[in-house]
1. Once the piece of chain linking E214 and Q240 is laid out straight, how much longer is it, given 0.36 nm per residue of separation minus the C-alpha distance between them?
2. By per-residue mean of other Cβ atoms within 10 Å, what is the highest-first order of 161-169, 27-35, 106-114?
3. Give me the number: length gained by fully extending T85 to E170, i.e. 0.36 nm times residue separation minus the C-alpha to C-alpha distance, one decimal in nm.
4. Going by the alpha-carbon gyration tensor, a ≥ b ≥ c the square roots of its eigenvalues, is the stretch 135-186 rounded (a/c under 1.5) or, if a/c is not under 1.5, prolate (a/b greater than b/c) versus oblate?
5. Mind ordering 149-159, 195-205 by average Cβ neighbours within 10 Å, highest first?
6. For E5 and D130, compute 0.36 nm times the residue count separating them, minus their Cα-Cα distance, and round to one decimal in nm.
7. How much solvent-accessible surface does V23 expose, in Å² to the nearest 10, with a 1.4 Å probe and all protein chains in place?
Amino acid sequence: MSWSERDGTLAKLRTFKSGNPNVGRLRILLNGPVGAGKSSFINSINNIFQERVTILAEADASGGDSFTKEYKTHLIENPNMPGSTYSFAFNDVMGLEGDQGVCTSDIINAMKGHVREGYKFNHISALSQDDSRWYNNSPSLQDQVHCLLTVVDANKIAIMNNETFKKLREIRLAASDLGIPHMVVVTKVDELCPLVKEDLKRVYKCKLLKEKMEQFSAKVGIPVSFILPVKNYHDEINLQNDVDELLLESTESNSQLCRRLREASDSQKSTVSVNVHIFSISRFIRAF
């Protein structure tokens, strides 16, 4: 990987368009275990575009129960054009906590566009079709999710329980059925490997990280080539190019993958699926 593409990748994302006139904004849905860094990922991306440290999505540093309780769209503002936003947005959901986390049916309904903004998640009962206030019976293409991004803590993969893996697998299969591309970002890679903590550029040389990614791949059924390492901003007060490089690569890769799929008609879905897989491998595969 080249570590000098930050500005070029950022420029691509600033001018990104979905490629479909019916999709004004690409909607990226984040899911994953509690404390994996979903909200921090959104904040980190926003930091880069605002060119300063920000808080767009509230995050919790304790790592306890899920901090995100309601369905909310996070827009990335264009600082050069006050009042305007970029052509992609992030939706965060309640974390997966075994039998105490978000109901998988809520995430699947969100992907279909049935969940309205502001819906409060409940681990005991999922959103019902009879709930006219929060259930959107006639979602538009804009309401639907166009990309699924799973966020997982590199340090927690080995101790994740089977129920969480089962939920992640169920969500992945549902996304596949809906034709929604799925990628994974592995966070806190600097905490996993001392060498990476010293120099983030060594992230693709960390054998332990490779093992964790392979383990997650086997459990959830997603190819390793669809899994990217990142480091979220946490306690930094200034932006760092190496951190930005990984974050922007994951976002740009996700956006391009989604656009390629959404540009295709339903009749071409099988061909597109193959092309998307080839595209992903050529862009994401790494030499460890």
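1. Details: separation 26, 0.36 × 26 = 9.36 nm, distance 2.80 nm.
Extra length from E214 to Q240 when fully extended: 6.6 nm.
2. Numbers: 161-169: 17.3, 27-35: 24.9, 106-114: 21.9.
Result, highest mean first: 27-35, 106-114, 161-169.
3. On the way: separation 85, 0.36 × 85 = 30.60 nm, distance 3.26 nm.
Result for the pair: 27.3 nm of gain on full extension.
4. On the way: a/c = 2.68, a/b = 2.12, b/c = 1.27.
Because a/c hits 1.5 or more and a/b exceeds b/c, the stretch 135-186 counts as prolate.
5. Values: 149-159: 20.3, 195-205: 16.0.
With the highest mean Cβ count within 10 Å placed first, the list reads 149-159, 195-205.
6. Details: separation 125, 0.36 × 125 = 45.00 nm, distance 4.89 nm.
Difference between extended and current length: 40.1 nm.
7. About 10 Å², rounded to the nearest 10.
The values are calculated or read from the model by the stated rules, or taken from the named source; none is laboratory data. Keep in mind the model is a prediction, meaning the values are calculated, not measured. Positions of Cβ are backbone-derived with ideal geometry, glycine not excepted, and every protein chain shown enters the neighbour counts. Just so you know, the surface numbers come from the protein's heavy atoms only, side chains and all, with ligands and any DNA or RNA stripped out. Shrake-Rupley method; radii C 1.70, N 1.55, O 1.52, S 1.80 Å.
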